[in-house]
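The values are calculated or read from the model by the stated rules, or taken from the named source; none is laboratory data. Just so it is clear, the model here is predicted, and its values are computed rather than measured. Counting neighbours? That spans all protein chains shown, and the Cβs are built from the backbone with ideal geometry, glycine included. Ligands, DNA and RNA are stripped out before the accessible areas are found, and what is left, the full protein with its side chains, is counted by its heavy atoms. Shrake-Rupley method; radii C 1.70, N 1.55, O 1.52, S 1.80 Å.
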Amino acid sequence: MVSRVIPVDPFDLVIFGGTGDLAQRKILPALFRRFCAGQWSDTTRIIAVARSPHGADGFRQIVAGSLQDLGHSRDTATLTEFLSRIDYVHLDAHSNDGWHALSDRVQEDRVRAFYFSVGPELFAPLAERIQANGLVNAKTRIVVEKPFGHDLSSAKDLNAILAARFDESQIYRIDHYLGKETVQNLMAVRFGNMLFEPLWNSQYVDHIQITVAETVGIDGREEYYEHAGAMRDMVQNHLMQLLCLIAMEPPAKFDPDAVRDEKLKVIRALDSVEPHHIVRGQFSAGPLGPSYREVVGNPRSTTESYVALRAHVSNWRWAGTPFYLRTGKRLVARSSVINVMFKDAPHSIFGEEAGRHANVLSIRLQPNEGITLRVTIKEPGPGGMRLVDVPLDMSFADALGPENQDPPGAYERLIMDVIRGNQTLFMRGDEVEAAWAWTDPIIAGWQSRGDVPKPYDSGSTGPGDAELLMKRDGRRWQGIKP
Ligand code: NAD
C-alpha cells in the first residue's frame, strides 16, 4: 500500500529565526523532505528571516550544508530546485528596517504562514510589525514553538500578545509530539475500532504508564534548561498531551475544536498532585558524561532533570485508575512509550500455577514507532496448559508495506497541516493555560519546601524513589528499552 501524497496549494512560509538551530535542524529539512515527496512545488516560497546580513545565496549555502550534515543527500538537481525556492531577508525584530523587503516578497491570495522560530521575547515585536506592515489577512497563519510561557501568567501574556493581532483560528502552537504518526494512530486505534473503546476505562484498565526517556543531557541548552527543568520542559506539554489523548472522551467528530475541547476537559479534570506522589531527580556523573550540576556550572542547582509522578483524572471514566508519568535525561535508553496496563482476568480457570497475566497495549512513539498488544496464549508443546504472553505487533511497515517504513516526521506533518489550515494537532490557548494551571502549584510546592532533587546515575532508569512510587501501589514500571 503506497502512502498518498496530496499536494498543497502554493504558499509563502516566512521563517523568523531561519539561521537558528530549530530552523536548520528541523523546519528546513522537513520542508525539503516534503518537497522531495512532491507535496509542494510550483511557486511556493520559503522566506527565511534573521539578523545576520547573509544574502540569499549565502543563506542557501548554509541550508545546503545543514541538509548534508543531517544526511539528507539527494541528487544535485533536486537540491538546487529546492534551494531556488528559498529567499532570505535580514532584519531585526526590534527594528522597523527591512520589513518592506519582506512585504515585497509575500504574495497576495495564498496562504502566508509566519513561523516564529525565535525566543518568546520576540513574539510581541514580530506580531506588532507583521500587523503594522499590512501582512495580516484571512490567509495569515502564525506558528509558535514551545516553550509557550514559563508559567500560567507568562502563558496568558503570550496568548494576549497573539490575540491582540490574530484570531485563535490563525495561531498554531506546536507540540511536535502531536505530529508523530503513532499519536494519530492512537486516535485511530481508539476511535476506529470497536475492540478497545468499551475496555478503555477504570473497570478494565488498571493503570497507565507514560514514559519519555532520553539518553541525551542538556548540552547546548544549559541556560534555558536550568530555568525550566523537566516539569516545564517535558511534563507540562509533551506528557500532558499524551495523557490527554489517552484519557479524552471520543470527540463527536475529528475536527480541531471537537478534539481540543475533549483534551481540555481532561486537563481540567486532573487532580492536584500530592507531594508524595511525585519524584524529582537530577543526574550525577557517570560513563555518559559529567553531572547535571557540572554541565550547568551551578554546584547548588536544584533543577530537576527527571520527574516521575502519579496523576489522577477525576471523572466517571477514570476514577481510581492512576496515570504514572515519567521523563528524564541521561537515562538508560531513548524510549517514548505509553503502556495501557489492563487488569488481570477476574478469575483464572487455569489455577494458581498458570501465574498472573494481563494485557498491555504499548504505543511506542520513538524509536520504532508502532503499537503492540501483549496477549496471553498457551505455550506451544505437549507440556500441559502453560500460559505465555506474546506481543501482537501492529508495526506499520509490516502491515502496510515497506514504503511506510519511513513515515513523514512530526515537523513535516505539522507544517503541511498549517498550510492546509488544520489545527487538530496544535494546542489551543486555553489548553496551554489549563496545563500551566495544573503545573504551577507543583513547582510552587517544590520552591516553598526547598525541595532538592534526588541524584540518579547517568545511564540508569532514574532515582530509586521512582520505583518506590510504583511499589507502594503494588505496581512496577515497564522496562525502558531502546
Ligand atoms: P537559536 O538561538 O539557534 O536561533 C535563534 C534565531 O533567532 C536565529 O536565527 C537568530 O538570528 C534569530 N534572532 C534572534 N534575535 C533576533 C532578532 N532580534 N531579530 C530577528 N531575528 C532574531 O534558537 P533555536 O534553537 O533555533 O530556537 C528557536 C525557538 O524555538 C526558541 O524559542 C526555542 O526554545 C524553540 N525550540 C527550539 C528547539 C530546538 O530543537 N532548537 C526545539 C523546540 C523549541
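Taking the numbered list (1) under 30 Å from R4 (Cα atoms); (2) modelled with pLDDT of 95 or more; (3) polar (S, T, N, Q) in turn, Q61 passes all entries but (1).
Going by the conditions given, is V144 surrounded by fewer than 14 Cβ atoms within 10 Å (Cβ to Cβ) and within 14 Å of the ligand (Cβ to nearest atom)? Against the criterion (surrounded by fewer than 14 Cβ atoms within 10 Å (Cβ to Cβ) and within 14 Å of the ligand (Cβ to nearest atom)), V144 does not qualify.
Is it fair to say A37 is away from the ligand (no atom under 15 Å from the Cβ), aliphatic (A, V, I, L, M), at negative phi and open to solvent by less than 80 Å² (accessible area, probe 1.4 Å)? Answer is yes for this residue. When T182 is tested against (1) buried (at least 17 other Cβ atoms within 10 Å of the Cβ); (2) within 14 Å of the ligand (Cβ to nearest atom); (3) under 20 Å from G409 (Cβ atoms), only condition (2) is not met.
Could you please find all residues in the range 108-136 being open to solvent by 10 Å² or more (accessible area, probe 1.4 Å) and either away from the ligand (no atom under 16 Å from the Cβ) or aliphatic (A, V, I, L, M) (or both)? Passing the criteria: E108, D109, R110, V111, V118, L122, A124, Q131, A132, G134, V136. Taking the condition closer than 30 Å to A132 by Cβ, free of Cβ contacts under 8 Å to residues at least 12 places away in the same chain and either outside the structural domain of R129 (by TED's automatic domain parsing) or open to solvent by less than 80 Å² (accessible area, probe 1.4 Å) (or both), does S95 pass? Answer is yes for this residue.
Checking each residue in the range 209-253 for being out of contact with any Ser or Thr (no Cβ under 9 Å at 6 or more places or on another chain), open to solvent by 40 Å² or more (accessible area, probe 1.4 Å) and part of a helix (DSSP H, G or I) picks out E222, E223, Y224.
In this structure, is S169 more than 16 Å from the ligand (Cβ to nearest atom) and either surrounded by fewer than 17 Cβ atoms within 10 Å (Cβ to Cβ) or closer than 22 Å to D12 by Cα (or both)? Please lay out each step first, then the result.
Numbers: more than 16 Å from the ligand (Cβ to nearest atom): yes; either surrounded by fewer than 17 Cβ atoms within 10 Å (Cβ to Cβ) or closer than 22 Å to D12 by Cα (or both): yes.
Yes; evaluated as a whole, the condition is true for this residue.
If we keep just the residues of the range 85-95 that are closer than 16 Å to G55 by Cα and not in a strand (DSSP E or B), which is nearest to the ligand (Cβ to nearest atom)? Only one residue tops the list, namely D92.
Restricting attention to the range 281-314 and to residues that are open to solvent by less than 50 Å² (accessible area, probe 1.4 Å) and at pLDDT below 95, the residue that is farthest from the chain's Cα centre (by Cα) turns out to be G286.
Checked against (1) assigned by TED's automatic domain parsing to the domain that holds L135; (2) outside any helix (DSSP H, G or I); (3) open to solvent by 70 Å² or more (accessible area, probe 1.4 Å); (4) within 22 Å of L414 (Cβ to Cβ), R4 passes all but a single condition, namely (1). Annotation note: Cβ proximity below 6 Å between a residue of the range 49-64 that is closer than 19 Å to D97 by Cα and in a helix (DSSP H, G or I) and a residue that is open to solvent by 30 Å² or more (accessible area, probe 1.4 Å) and more than 10 Å from the ligand (Cβ to nearest atom) (sequence gap 6+ or interchain) occurs for A56/D87. Here is the figure for the range 40-54: residues that are open to solvent by 50 Å² or more (accessible area, probe 1.4 Å), within 16 Å of the ligand (Cβ to nearest atom) and under 23 Å from A127 (Cα atoms) total 2.
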